[in-house]
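A.B. asks: The structure's right below; bear with me while I get my questions together.
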Amino acid sequence: MTIEALRTEIDQIDEQLKALLMQRFDCVARIAVCKLEASNDGKKPQSSSLRASVTVRCPQRERELKQRLLKDVPEERKGLYEAILEKVLETSRSYQEKIIENT
């Protein structure tokens, strides 16, 4: 296989990753809205103090997610995958915070 063919394969994988990440961010946005509504009896909060009380991070869920996703990753790639996973989680939290702040 040539470098060009391999790069084409990587380009296709990158497009799939982009689509999956956009789908994930759509879910993250919906979760942010659900959290806002749950903190205000099903209604969107009108005050910044209510928005500030919404908890974005769920350490237990993140631990469980990492354990589940890392369990079948080859040992030599675990650090690589975990770094990317951590960045996805961090970015998702930031996006949720931004949505909550601006709602």
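A.B. asks: Rounded to whole Hz and in sequence order, give me ³J(HN,Hα) for region 29-34 from the Karplus expression 6.51 cos²θ - 1.76 cosθ + 1.60, θ = phi - 60°, writing x for Gly and Pro.
C.D. replies: Per residue, the Karplus-derived 3J(HN,Hα) values read 5, 5, 5, 4, 5, 4 Hz.
A.B. asks: Using only DSSP helix segments of four residues or longer, with each worth -39500 (n - 2.57), what per-residue ellipticity at 222 nm results for the chain after dividing by its residue count and rounding to 500?
C.D. replies: Details: 4 runs with 81 residues, N = 103.
Taken over the chain, the calculation gives -27000 deg cm²/dmol.
A.B. asks: Just the C-alpha atoms of the chain: what Rg/Rh do they give, with Rh taken as the Kirkwood radius?
C.D. replies: Here Rg/Rh amounts to 1.11.
A.B. asks: Counting only pairs 8 or more residues apart or on different chains, how many lysine pairs in the chain have their Cα atoms under 18 Å apart?
C.D. replies: Pairs that pass both the separation and distance tests number 9.
Read the figures in this text as sums done on the coordinates, not as results from a lab. All of these numbers come straight from a predicted model, not from anything done at the bench.
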